[in-house]
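Structure, as structure tokens:
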Amino acid sequence: MGRIFEDRNVNQDIVDLLDRLTNKETGSKEYANAMYALGKEFGRLILAKVSSYKTIALASTVEDADSLGKGIIDVLEENGKKVLLTVFWNKRFNPNKENQLSVAPIIKEFHEKREIDAPVLIIIKSIISSSCVVRTNLTKLIEESNPEQILVVAPVLLKGAIANLESEFDATITQKFNYLYFAEDDKKTRDGFVDPGIGGDVYKRLGFEGQDAKNKFIPAIVKERRLRYL
């Protein structure tokens with residue numbers, strides 16, 4: 001079947017940005033810029049869904065914070081929304097090679113100071129495949145807050161990812177879920193990456209040497225927001 005675009009939200013600019021991600025000739029800086037631009041596209045869509053809310057929580061993985069996450073945050077804050085940022089550093093691995101079940105424990109996290117629980121939680125990921133990272137991070141957030149709405153946002157999903165994610169939560173939680181994505185793929189490469197997905201290993205595409213290097217990185221957006229509390 002190949003790639004299916006989310007027709008309601010996808011225009012030619014978005015298709016071009018997704019093509020830039022899958023192009024192996026795209027350098028890490030241009031790749032990050034494309035992710036940022038996709039974040040701004042999502043920001044505009046999110047605005048229409050959260051117009052009645054002033055405060056919004058956004059949770060990102062460390063690798064997505066300065067690109068996809070910043071694009072969303074810039075649009076929301078430019079339009080008067082207060083965004084409370086959480087960033088997670090996850091270490092993904094497969095403890096049982098036989099069943100190929102991945103886990104992604106949180107090894108570090110950043111939370112902005114929060115005066116109140118935000119009524120809307122946005123959780124973002126550059127791509128959702130097995131959903132283990134999103135599941136881990138979302139479980140942590142739900143334990144600590146009670147949002148009215150949960151927006152799960154990713155440029156690309158693997159077919160079946162939504163069902164996999166929802167199978168891990170009670171119906172009282174999943175009824176709060178809404179999804180924003182631009183494309184759904186149904187194939188994987190021999191290396192386990194979604195095809196065409198986002199062009200392979202997002203860590204390497206963004207210029208990191210691998211997962212360990214990614215987990216030593218502190219995003220610029222985290223450094224900037226930390227200064228607010230000094």
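The values are calculated or read from the model by the stated rules, or taken from the named source; none is laboratory data. Remember, it's a predicted structure, so these values are computed and weren't measured experimentally. All Cβ positions, even for glycine, are placed from backbone atoms using ideal geometry, and neighbour counts span all protein chains on display.
Of the residues Phe110, Phe88, which is of a type in the set (Phe, Trp, Tyr), modelled with pLDDT of 85 or more and crowded, with 20+ Cβ neighbours inside 10 Å? First the steps, then the outcome.
Working: Phe110 fails: crowded, with 20+ Cβ neighbours inside 10 Å.
Every option except Phe88 fails the conditions.
Restricting to helices (runs of 4 or more DSSP H) lying wholly in region 1-117: which have 1 or more residues that are among the polar types (S, T, N, Q)?
Qualifying helices (runs of 4 or more DSSP H): 12-22, 28-49.
Among the candidates Glu30, Glu6, Glu25, single out the residue that is within 22 Å of Val152 (Cβ to Cβ) and of a type outside the set (A, V, I, L, M, F, W, C).
Just one listed residue meets the conditions, Glu6.
Tell me which of these Asn94 doesn't satisfy, since it passes every other one: (1) modelled with pLDDT of 95 or more; (2) more than 21 Å from Asn178 (Cα to Cα); (3) not basic (Lys, Arg).
Only one criterion is unmet by Asn94, namely (1).
Conditions: (1) farther than 18 Å from Glu109 by Cα; (2) in contact (Cβ under 8 Å) with a residue 24 or more places away in the chain. Ser60 meets all but one. Number of the miss?
All conditions pass for Ser60, except number (1).
Listed residues Lys29, Lys49; which is surrounded by fewer than 18 Cβ atoms within 10 Å (Cβ to Cβ), within 22 Å of Gly197 (Cβ to Cβ) and of a type outside the set (S, T, N, Q)?
Result of the check over Lys29, Lys49: Lys29.
Residues are listed down the side, and each one gets a yes or a no for (1) within 26 Å of Ser67 (Cβ to Cβ); (2) of a type outside the set (A, V, I, L, M, F, W, C); (3) touching a Lys or Arg at 6+ places or on another chain (Cβ under 7 Å):
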{"site": "Val134", "(1), (2), (3)": "yes, no, yes"}
{"site": "Ile142", "(1), (2), (3)": "yes, no, no"}
{"site": "Val153", "(1), (2), (3)": "yes, no, no"}
{"site": "Leu157", "(1), (2), (3)": "yes, no, no"}
{"site": "Glu166", "(1), (2), (3)": "no, yes, no"}
{"site": "Phe169", "(1), (2), (3)": "no, no, no"}
{"site": "Tyr181", "(1), (2), (3)": "yes, yes, no"}
{"site": "Glu184", "(1), (2), (3)": "yes, yes, yes"}
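Here are some conditions: (1) more than 17 Å from the chain's Cα centre (by Cα); (2) modelled with pLDDT under 95; (3) charged (D, E, K, R). Lys176 meets all but one. Which one does it not meet?
Single failed check for Lys176: (2).
Evaluate the following for Glu209: is it over 21 Å from Lys140 (Cβ atoms) and modelled with pLDDT under 95?
yes
Name the pairs whose Cβ atoms lie under 6 Å apart, with the first residue in region 157-185 and touching a residue at least 24 places away in the same chain (Cβ under 8 Å), the second part of a loop (DSSP other than H, G, I, E, B) and not polar (S, T, N, Q), and 6 or more positions between them or separate chains?
Lys159/Asp186; Tyr181/Glu6; Phe182/Glu6; Phe182/Val10; Ala183/Arg3; Glu184/Lys159; Asp185/Arg3; Asp185/Gly197
Check region 94-103 and report whether any residue there is of a type outside the set (S, T, N, Q) and either buried (at least 17 other Cβ atoms within 10 Å of the Cβ) or under 15 Å from the mean Cα position of the chain (by Cα) (or both).
no
Is it true that some residue in region 9-27 is touching a residue at least 24 places away in the same chain (Cβ under 8 Å) and of a type in the set (Gly, Ala, Ser)?
no
Quick check on my filter: what residues within region 165-195 are of a type in the set (S, T, N, Q) and in contact with a helix residue (DSSP H, G or I) (Cβ under 8 Å, 6 or more places away or on another chain)?
As a first pass, look at region 165-195 and keep what is of a type in the set (S, T, N, Q): 167, 172, 174-175, 178, 189.
Thr174, Asn178 - these are the residues of region 165-195 that are of a type in the set (S, T, N, Q) and in contact with a helix residue (DSSP H, G or I) (Cβ under 8 Å, 6 or more places away or on another chain).
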